[in-house]
Amino acid sequence: APVAGCLRRSGRACARSRAGAMGKEAGSPRSDGDEGGRGDDGAGAGPGSGDEGGKKDIEQEIRSLLAKARSRLESARAAQDENATHLKTLQKGFKDLKRQQAHVAREQQQTIGQMQNNLRS
């Protein structure tokens with residue numbers, strides 16, 4: 001996910017968002033050397049100061065984040081499919097177990113009944 005404040009300055013993507021993709025948390029202190037009070041808000045940027053390159057950097061960052069999200073979504077779907085398969089297998093197994101248990105209970109009752117009849121005779 002993009003790090004808060006990364007795209008606020010003159011349309012440039014900062015290194016924090018890429019570092020965030022490598023395991024840093026969004027709330028961690030900045031390590032790219034930017035102190036928050038410099039006043040670099042892009043006010044001095046002229047028309048030929050690289051806005052196009054900044055926009056392309058942002059677009060590339062967005063594409064990268066979308067690709068990463070798609071990858072995670074695909075792996076989650078694969079895990080979901082695998083879990084659904086395991087669930088179906090377990091459901092069949094429990095159904096068979098219940099059927100077998102009912103059969104054994106009937107046989108047990110028949111055997112008990114036969115033994116009681118033998119004792120009476």
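Enter the accessible area per residue of region 71-111 (Å², integer; probe 1.4 Å; all protein chains in place).
97
Roughly what would the spin-label model give for Glu82 and Ser121, points 7 Å off Cα along C-beta, in nm?
The two pseudo-label positions are separated by 5.9 nm.
Ignoring ligands, DNA and RNA, how do Leu73, Leu119 rank by accessible area with a 1.4 Å probe, largest first?
Reading off the accessible areas and sorting them downward yields Leu119, Leu73.
Could you give the length gained on full extension between Lys95 and Ser75, defined as 0.36 nm per residue of separation minus the Cα-Cα distance, in nm?
The span from Lys95 to Ser75 would gain 4.2 nm if fully extended.
The values are calculated or read from the model by the stated rules, or taken from the named source; none is laboratory data. Keep in mind the model is a prediction, meaning the values are calculated, not measured. Cβ atoms come from the backbone with ideal geometry, glycine included; neighbour counts cover every protein chain shown. SASA here: full protein model, heavy atoms, side chains in, ligands and nucleic acids out. Shrake-Rupley method; radii C 1.70, N 1.55, O 1.52, S 1.80 Å.
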